[in-house]
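Undergrad: Supplied in structure tokens, the structure appears directly below.
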Amino acid sequence: MEQRVLGRTGRSVGVVGLGTWQLGADWGDVREEDALAVLDASVEAGVTLFDTADVYGDGRSERLIGRYLKGRPDAEVFVATKFGRRVEQRPEHYNLANFRAWSDRSRSNLGVDRLDLVQLHCPPTPVYSSDEVYDALDTLVAERRIAAYGVSVETCAEALTAIARPGVASVQIILNAFRLKPLEEVLPAAAAAGVGILARVPLASGLLSGRYTAQTGFAADDHRTYNRHGESFDQGETFSGVDFETGVEAAAAFAGLAPAGATAAQTALRWVVQQPGVTAVIPGARNPGQAVANAAAAELPALPDSTLAAVRDLYEARIRPLVHDRW
């Protein structure tokens, strides 16, 4: 798999990683043995980047990754985790004492002395502008609790604020064929600053797989049921903020752009990978087959300019009029 340097971490990672939200919670039940099988299938397919968070299953995702990697010392996997969402979202909670406690908990969950990368997990907007927050993160690096830090953001403005900070190694942001706004300023700014970009929600919570219809239902404990309108967290995390019915129709049109031999989901991932400034895309997977298919997207030929133009036209016609200003 093609490798790219993840910004100021200095570490190389494969262009298709694995997001592990599904292995913790909020996507319906995933059995432990199935979760471990997903991790193993990903590694065997060439994945070298796992993205997780302390809040995924209240640590379950981190613990499963730690257990898996302990049994696979030959697997050279870069693990990016996130913290901050296990407390009430108030800026004053983002302080050194909490950062130490949170990073210690993640180190224990993952079974490591030092975390590869810690990302602030979509904190309140003022946190991105706080000198004290970055001083505290620098302290974690000096104490060797973490090797590097980055941010996970909801908005382009938050990303640009973080990119301006010299210690920020990477920015994680929602980017997919239904969410193009980061292309305008965020990706160019990150590239100029040497900051890595991790693209999350690349399939718009599965919409871009082309497998859903207006009648598709999801389990009650799946965020695609309970967070469609942002009831529990930012609406952009669910179907990329697009209403389900509109998304299903647009996804059917997107599926028609897939080249011969590629699925709609693989096409969506390939589209993200070839955007200038992207380091890696981090799709999730609920089973080994999905993990292997996602990784295979890295081997697809680059999409031609005609396909890129068609994606832009679809976005401008179906998606942008409804959601662009919200971001």
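Undergrad: Could you list all residues from the range 153-192 that are more than 14 Å from residue 276 (Cβ to Cβ) and assigned to a helix (DSSP H, G or I)? Give the steps one after another, and end with the answer.
TA: Taking the range 153-192 and keeping what is more than 14 Å from residue 276 (Cβ to Cβ), we get 153-174, 176-179, 181.
Across the range 153-192, the qualifying residues are 156, 157, 158, 159, 160, 161, 162, 163, 181.
Undergrad: Taking the range 127-152 as the region of interest, how many residues are in contact with a helix residue (DSSP H, G or I) (Cβ under 6 Å, 6 or more places away or on another chain) and assigned to a loop (DSSP other than H, G, I, E, B)?
TA: Residues that pass the stated criteria total 2.
Undergrad: Select from the range 205-230 the residues that are under 24 Å from residue 321 (Cβ atoms) and open to solvent by 60 Å² or more (accessible area, probe 1.4 Å) and write down the one among them that is farthest from the chain's Cα centre (by Cα).
TA: 213
Undergrad: Can you tell me which residue within the range 35-51, out of those that are hydrophobic (A, V, I, L, M, F, W, C) and open to solvent by less than 10 Å² (accessible area, probe 1.4 Å), is modelled with the lowest pLDDT?
TA: Looking at the filtered set, the residue picked out is 35.
Undergrad: Among the residues of the range 278-317, count how many are modelled with pLDDT of 95 or more, assigned to a loop (DSSP other than H, G, I, E, B) and within 24 Å of residue 42 (Cβ to Cβ).
TA: Residues in the range 278-317 being modelled with pLDDT of 95 or more, assigned to a loop (DSSP other than H, G, I, E, B) and within 24 Å of residue 42 (Cβ to Cβ): 8 in total.
Undergrad: Right, something else. Using beta carbons and a limit of 9 Å, which pairs, at least six apart or on different chains, have the first residue in the range 132-152 and buried (at least 22 other Cβ atoms within 10 Å of the Cβ) and the second one assigned to a helix (DSSP H, G or I) and acidic (Asp, Glu)?
TA: Every condition considered, the pairs that remain are 149/138; 151/158.
Undergrad: Any idea which residue in the range 10-34 is modelled with the lowest pLDDT, counting only those that are of a type in the set (S, T, N, Q) and crowded, with 19+ Cβ neighbours inside 10 Å?
TA: Checked the range 10-34; the qualifying residue modelled with the lowest pLDDT is 22.
Undergrad: So, one more: Taking the condition of being open to solvent by less than 50 Å² (accessible area, probe 1.4 Å) and outside any helix (DSSP H, G or I), how many residues in the range 102-126 meet it?
TA: Just the residues of the range 102-126 that are open to solvent by less than 50 Å² (accessible area, probe 1.4 Å), to begin with: 102-103, 106, 109-110, 115-124.
Next cut, outside any helix (DSSP H, G or I) only: 115-124.
Total meeting the criteria: 10.
Undergrad: Just give me the residues in the range 241-280 being of a type in the set (S, T, N, Q), buried (at least 18 other Cβ atoms within 10 Å of the Cβ) and under 15 Å from residue 309 (Cα atoms), in sequence order.
TA: Residue satisfying the conditions is 267 alone.
Undergrad: From the residues in the range 83-95 that are touching a residue at least 24 places away in the same chain (Cβ under 8 Å) and open to solvent by less than 50 Å² (accessible area, probe 1.4 Å), which one is nearest to residue 62 (Cα to Cα)?
TA: First, pick out the residues of the range 83-95 that are touching a residue at least 24 places away in the same chain (Cβ under 8 Å): 83-86, 89-91, 94-95.
If we keep only those that are open to solvent by less than 50 Å² (accessible area, probe 1.4 Å) too, we end up with 83-84, 94.
Working: 83: 11, 84: 14, 94: 21 Å.
Per the stated criteria, the residue is 83.
Undergrad: Here's something else I'd like to know. Consider the range 65-97. How many of its residues are closer than 16 Å to residue 284 by Cβ and over 18 Å from the mean Cα position of the chain (by Cα)?
TA: Selection size over the range 65-97: 1.
The values are calculated or read from the model by the stated rules, or taken from the named source; none is laboratory data. Worth saying up front: this structure is predicted, and the values here are computed from it rather than measured. We place every Cβ from the backbone using ideal geometry, glycine too, and count neighbours over all the protein chains shown. Accessible surface areas use protein heavy atoms only, side chains included; no ligands, DNA or RNA. Shrake-Rupley method; radii C 1.70, N 1.55, O 1.52, S 1.80 Å.
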